[in-house]
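Have a look at the structure below, then the notes.
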Amino acid sequence: MAERLDFTIEEREQTVALYAELKEKIAASMHPDDEERVRRHLHQAVELGQVRRNVFGMNPVLTGLQTALLVVDEIGLRRDAVLAILLNPSVENGFLSIEAVGQQYGESVARILHGLQRIHELYKKNPVIESENFRNLLLSFAEDMRVILIMIADRVNLMRQIRDACNDEARHRVSEEAAYLYAPLAHKLGLYKLKSELEDLSLKYLEHDAYYHIKEKLSSTKANRDAYISRFIAPIEQKLREAGLVFHMKGRTKSIHSIWQKMKKQKCPFEGVYDLFAIRIIIDCPPEKEKMQCWQAYSIVTDMYQPNPKRLRDWLSVPKSNGYESLHITVLGPEQKWVEVQIRTERMDEIAERGVAAHWRYKGVKAEGGMDDWLTQIRQMLENASGMEAMNEFRMDLYDDEVYVFTPRGDLLKFPKGATVLDMAYHIHSKVGNACTGARINGKVVTFRQELHSGDQVEILTATNQKPKQEWLNIVKTSRAKSKIRLALKDTQQKQALLVKEMLERKFKNRKIELDESLQMRTMKKLGYKEASDFYRDIAENQLDTSVVIDKYLELQQGEKAVTGDNIARSAEEFVLDNAQLAPLSAQGPDDVLVIDQNLKGVDYQLAHCCNPIYGDQVFGFVTVSGGIKIHRCDCPNAPEMRRRFGYRIVKARWSGKGSSQYAITLRVIGNDDLGIVNNLTSIISKDEKLVLRSINIDSNDGLFRGNLVIMINDNTRLETLIKKLRTVKGVKQVERI
């Protein structure tokens, strides 16, 4: 059994008093059995030791009641929020389930508790809280806006209670969170009183000497300051009334935190902050007379006191982009003291204070996306009593288009919805992205294609042998990652092109062929390439054989040579027929013969690489410069150009014999990347004893595969039969000979 929570006499008295006060204030919103259930739950939780003192030694029941009263008095929340606050310690310690709360008190209370628990889990990731991103993640994680309001109230209450706490480290931490996280949130929600209290208390604990120095200075000068304000505004009030204006005036002293910020910014002592207070003149007039009466008031003030023209801010003629309208002027008052005067109408003041102008933005607090309008609605709900009913149904749907994830160190990064692990890797650094193989998300290893979700803790995994690929552009969502991938691919292609270029030069040199740059570019274009990068890439990836490149180069080179001397083309009659050896690229048998021109056999010939003719194809011969003959298919892609430019070198050719030789042909197969499709293709080939599969090269991308099959085959009849069979395989979209 857990240790029972003991109350001190003072704690017991405070608890009873606070409970009675809270019960009275929210009685109208409570359900019949609520009070009895909560009282019984709290008593049982204390008796069974289900609630424990926090790091400051504070009583959780007492602090819960204090926070509940704060949300009722300062924010206006009622039953659901109060019940969630009182039940939260038991839920957080695992003694009460959210499902049970939903059954007993309703889904609204359960939803608030669920949001509180999600944020509790978020804090376990040790986040870096000094960032706008974490504030936004907190808002999106809360699910219900009342969760954020409760957290702000709880932090205000905690800051009030830890003045005499012994745990300096914990006090320092919660004070930093109050300054960096909760005060800006309170400001955004229009909870200006709570915001100022959080800022002042955090300064009190973080900058003890500065806080008390300013506080003492303000206390010692308060009487003089109040008297000065009275002397300053008295003649202005008289003149404004004489002018027939309906108005009221108010003076406000800067908060201790604001004064400290001013002292740091201006690098001056307390006495150097001349605008410790400001006077606000608020005029009540119809809209059509607003500008006229504001300028009239301005004229009256500046007639009485000398203005500083450098400090004039005219947001009346041209309002700020956020809608803020006002006239600001700094004048030299009695005793040569500078005083800021703000002149506006009731309508302008309401806009500035209630949030249509997003007052927190005009003061320099950054905003995100559509937060302005959204938070303005919340502020209006808080300030409108009937709006509290709408709060009960309010669900948070902001940031549907954004996700926030943690690094292992607790830093928070923002990405668009749909972003992947690869996006995060490239956000960290180009080298990390280029080497990314996946990630460990919340301890689980995933691929780099995995989408990110808000609250994930992501550790990027890398490997030295990983290289960026073209398909990565389809995986990433952010333009930053896309540009870095393109840059990496371009760099890789440039390096690849240099290596391939060197290899080609070496092969040309080995065959004692002089390499001409312009002729090589023509060769590339003849092979169907518009870009040199694609040409070099296909060679590097073995999609294009270098021997094909060299043959095409020689063919173009020979076509350019003058037909003189040894290069004179000879007729077929000059060929020696006695025992000449056939020299095709394929392994030919004795019955497989080409008949060239007028029944000539035994002529020295080669099968062209550009179209790879086989027995049974319609073919023709092309007399080369060296005197040999290259055999091309009649439908060879180079045939039209050869006939046009070198028609005099074309000779007839046809097959004779039985077609017993085997020839290497290449088939290109394109289809869906279905399970077992490759096995189905190869099994068809293996079943035919007269077919030999020499090689297979498959490239799969985005659900499609593209493969080249090199097959040894006897004749084109068998080839046509094979192509028909391959086309019947489920998932195959295209089969063609290349």
Within the range 607-626, tally of residues that are open to solvent by 10 Å² or more (accessible area, probe 1.4 Å), in a loop (DSSP other than H, G, I, E, B), touching a residue at least 40 places away in the same chain (Cβ under 8 Å) and closer than 14 Å to Leu594 by Cα: 2
Residue match in the range 185-198 (condition: buried (at least 17 other Cβ atoms within 10 Å of the Cβ) and without any contact (Cβ under 8 Å) to a residue 40 or more places away in the chain): yes
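What is the residue count in the range 627-653 for residues that are over 19 Å from Thr666 (Cβ atoms) and surrounded by 15 or more Cβ atoms within 10 Å (Cβ to Cβ)? Explain how you work it out, then say what you get.
Our first condition is that a residue be over 19 Å from Thr666 (Cβ atoms); within the range 627-653, this holds for 627-629, 640-653.
Checking which are surrounded by 15 or more Cβ atoms within 10 Å (Cβ to Cβ) leaves us with 628-629, 642, 646, 649-651, 653.
Selection size over the range 627-653: 8.
Checking the condition within 20 Å of the chain's Cα centre (by Cα), modelled with pLDDT of 90 or more and among the hydrophobic types (A, V, I, L, M, F, W, C), which residue from Phe448, Phe415 passes?
Phe448 is the lone residue from the list that is within 20 Å of the chain's Cα centre (by Cα), modelled with pLDDT of 90 or more and among the hydrophobic types (A, V, I, L, M, F, W, C).
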Contacts under 7 angstrom Cβ, first residue in the range 432-443 being farther than 18 Å from Ala419 by Cβ, partner part of a strand (DSSP E or B), 6 or more apart: Ala435/Thr462
Candidate set: the range 264-285, residues that are in a loop (DSSP other than H, G, I, E, B) and under 30 Å from Val246 (Cβ atoms); chosen: the one most open to solvent (accessible area, probe 1.4 Å): Asp284
3 or more residues at pLDDT below 85 and of a type in the set (S, T, N, Q): qualifying strands (runs of 3 or more DSSP E) within the range 630-738: 692-701
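Per-residue answers, yes or no, for (1) within 35 Å of the chain's Cα centre (by Cα); (2) open to solvent by less than 10 Å² (accessible area, probe 1.4 Å); (3) under 16 Å from Leu22 (Cβ atoms):
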position	(1), (2), (3)
Val82	no, yes, yes
Asn93	yes, no, no
Glu99	yes, no, no
Gly106	no, no, no
Val109	yes, yes, yes
Leu122	yes, yes, no
Asn133	yes, no, no
Arg155	yes, no, no
Only listed residue being among the hydrophobic types (A, V, I, L, M, F, W, C), touching a residue at least 60 places away in the same chain (Cβ under 8 Å), over 30 Å from Ile214 (Cβ atoms) and open to solvent by 20 Å² or more (accessible area, probe 1.4 Å), chosen from Met304, Met292: Met304
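Would you be able to say whether some residue in the range 237-247 is surrounded by 13 or more Cβ atoms within 10 Å (Cβ to Cβ) and modelled with pLDDT under 85?
no
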Some residue of the range 26-33 being within 17 Å of Leu62 (Cβ to Cβ), open to solvent by 100 Å² or more (accessible area, probe 1.4 Å) and not small (Gly, Ala, Ser): no
Output for the range 307-343, where each listed residue is within 19 Å of Ser230 (Cβ to Cβ), open to solvent by 40 Å² or more (accessible area, probe 1.4 Å) and either among the aromatic types (Phe, Trp, Tyr) or touching a strand residue (DSSP E or B) at 6+ places or on another chain (Cβ under 9 Å) (or both): Trp338
Count - residues of the range 663-681 that are touching a strand residue (DSSP E or B) at 6+ places or on another chain (Cβ under 7 Å), open to solvent by 40 Å² or more (accessible area, probe 1.4 Å) and within 20 Å of Lys724 (Cβ to Cβ): 4
Residue satisfying condition, being of a type outside the set (Val, Ile, Thr), open to solvent by less than 10 Å² (accessible area, probe 1.4 Å), part of a helix (DSSP H, G or I) and touching a residue at least 60 places away in the same chain (Cβ under 8 Å), within set Leu149, Leu138: Leu149
Near pairs, Cβ below 9 angstrom, 6+ apart or cross-chain, from the range 503-522 (over 23 Å from Glu541 (Cβ atoms) and aliphatic (A, V, I, L, M)) to any residue that is assigned to a helix (DSSP H, G or I) and open to solvent by 90 Å² or more (accessible area, probe 1.4 Å): Leu519/Glu560
Test result for Ser660, small (Gly, Ala, Ser) and within 19 Å of Arg737 (Cα to Cα): no
Residue check for Ser299: surrounded by 15 or more Cβ atoms within 10 Å (Cβ to Cβ) and among the polar types (S, T, N, Q): no
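Among the candidates Arg52, Arg12, Arg4, Arg39, single out the residue that is within 18 Å of Leu87 (Cα to Cα), of a type in the set (D, E, K, R) and not in a loop (DSSP other than H, G, I, E, B).
Arg39
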Some residue of the range 567-582 being assigned to a helix (DSSP H, G or I), closer than 30 Å to Ile698 by Cα and at pLDDT below 80: no
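The values are calculated or read from the model by the stated rules, or taken from the named source; none is laboratory data. Remember, it's a predicted structure, so these values are computed and weren't measured experimentally. Here the Cβ is made from the backbone with ideal geometry for all residues, glycine too, and neighbour counts use every protein chain on show. Side chains are part of the model used for accessible areas, which takes the heavy atoms of the whole protein and leaves out ligands, DNA and RNA. Shrake-Rupley method; radii C 1.70, N 1.55, O 1.52, S 1.80 Å.
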